[in-house]
């Protein structure tokens with residue numbers, strides 16, 4: 001049981017990587033929009049796509065952690 005709890009904790013740590021990645025991407029996109037305001041639509045679209053993919057990684061880690069805790 002203890003190893004399952006440790007594994008679930010490690011699986012949840014994917015949220016840290018996703019949070020850092022989304023933060024860096026948001027900062028870079030804000031910088032890019034400040035430099036080229038006319039390209040803001042393209043920058044925003046790619047930012048949202050990247051954030052969705054990064055968030056999906058965190059959700060997968062959370063689901064794996066739940067499965068480990070519930071022993072499925």
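Pairs linking a residue in segment 49-66 that is over 14 Å from residue 19 (Cβ atoms) to a residue that is in a helix (DSSP H, G or I), with Cβ atoms under 7 Å and 6 or more positions apart or on different chains, are 64/11; 65/8; 65/11; 65/12. Of all residues in segment 45-72, those satisfying the criterion of being more than 16 Å from residue 12 (Cα to Cα), in a helix (DSSP H, G or I) and out of contact with any helix residue (DSSP H, G or I) (no Cβ under 7 Å at 6 or more places or on another chain) are 45, 46, 48, 49, 52, 53.
Scanning segment 18-34 for residues that are closer than 17 Å to residue 60 by Cβ and touching a helix residue (DSSP H, G or I) at 6+ places or on another chain (Cβ under 7 Å) turns up 18, 21, 22.
FYI, it's all coordinate maths here, none of it is from the lab. The model shown is predicted, which means the values in this text are computed figures rather than measured ones. Positions of Cβ are backbone-derived with ideal geometry, glycine not excepted, and every protein chain shown enters the neighbour counts.
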